[in-house]
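The values are calculated or read from the model by the stated rules, or taken from the named source; none is laboratory data. Only a predicted model underlies this, so the values are computations on that prediction, with no experimental measurement involved. Please note: Cβ atoms are built from the backbone with ideal geometry, for glycine as well, and neighbour counts cover all protein chains shown.
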Amino acid sequence: MKVVITNAAKADLVSIAEFISQNNPQRAVSFVDELLDRCVLLGDTSRAYALLHRYKHYGVRRCIHGDYLIFYRISEDFLEIIHILHGARNYETLLFFEN
């Protein structure tokens, strides 16, 4: 299945890279590459992760990669990566689809 990364998720990746690069610029690049690879792999295993109860009506699922959470939803034609956030963050405030 084709994987589409939203602008919000791209901005998340930039923030992750900036944060990690403060201490280790090389690891920042390799870790973002790992996250991107994981996103692409979701195209093959999209239904392997359960729907999030609170966002079930939006079809939002979550995959964990290390300390990071990859939020996505599946449409008929593609898988959409919504956000990629550190697990310690309050993601509830960032996943408002009611707007």
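Search segment 17-33 for residues that are closer than 16 Å to residue 86 by Cα and pair each with any residue that is acidic (Asp, Glu) when their beta-carbon atoms are under 8 Å apart and the residues are at least 6 apart or on different chains.
28/18
Select from segment 8-53 the residues that are assigned to a loop (DSSP other than H, G, I, E, B) and among the aliphatic types (A, V, I, L, M) and write down the one among them that is surrounded by the most Cβ atoms within 10 Å (Cβ to Cβ). Steps first, answer last, please.
Residues of segment 8-53 that are assigned to a loop (DSSP other than H, G, I, E, B), as a first pass: 22-24, 43-45, 49-50, 52.
Among the residues that remain, those that are also among the aliphatic types (A, V, I, L, M) are: 50, 52.
Working: 50: 9, 52: 17.
My answer is 52.
For segment 76-97, indicate whether the set of residues that are among the basic types (Lys, Arg), more than 25 Å from residue 2 (Cα to Cα) and either surrounded by 11 or more Cβ atoms within 10 Å (Cβ to Cβ) or modelled with pLDDT of 95 or more (or both) is non-empty.
Yes: one or more hits.
Quick grid of which residues meet (1) under 20 Å from residue 2 (Cβ atoms); (2) of a type outside the set (Gly, Ala, Ser):
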{"site": "15", "(1), (2)": "no, no"}
{"site": "27", "(1), (2)": "no, yes"}
{"site": "49", "(1), (2)": "yes, yes"}
{"site": "52", "(1), (2)": "no, yes"}
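Look at segment 76-99 and say how many of its residues are in a helix (DSSP H, G or I) and closer than 14 Å to residue 41 by Cα.
Residues that pass the stated criteria total 0.
What number of residues in segment 54-75 are in a helix (DSSP H, G or I), touching a residue at least 12 places away in the same chain (Cβ under 8 Å) and surrounded by 11 or more Cβ atoms within 10 Å (Cβ to Cβ)?
2
Identify the residue in segment 34-55 that is of a type in the set (Asp, Glu) and at pLDDT 95 or above and, among all such residues, is nearest to residue 85 (Cα to Cα).
34
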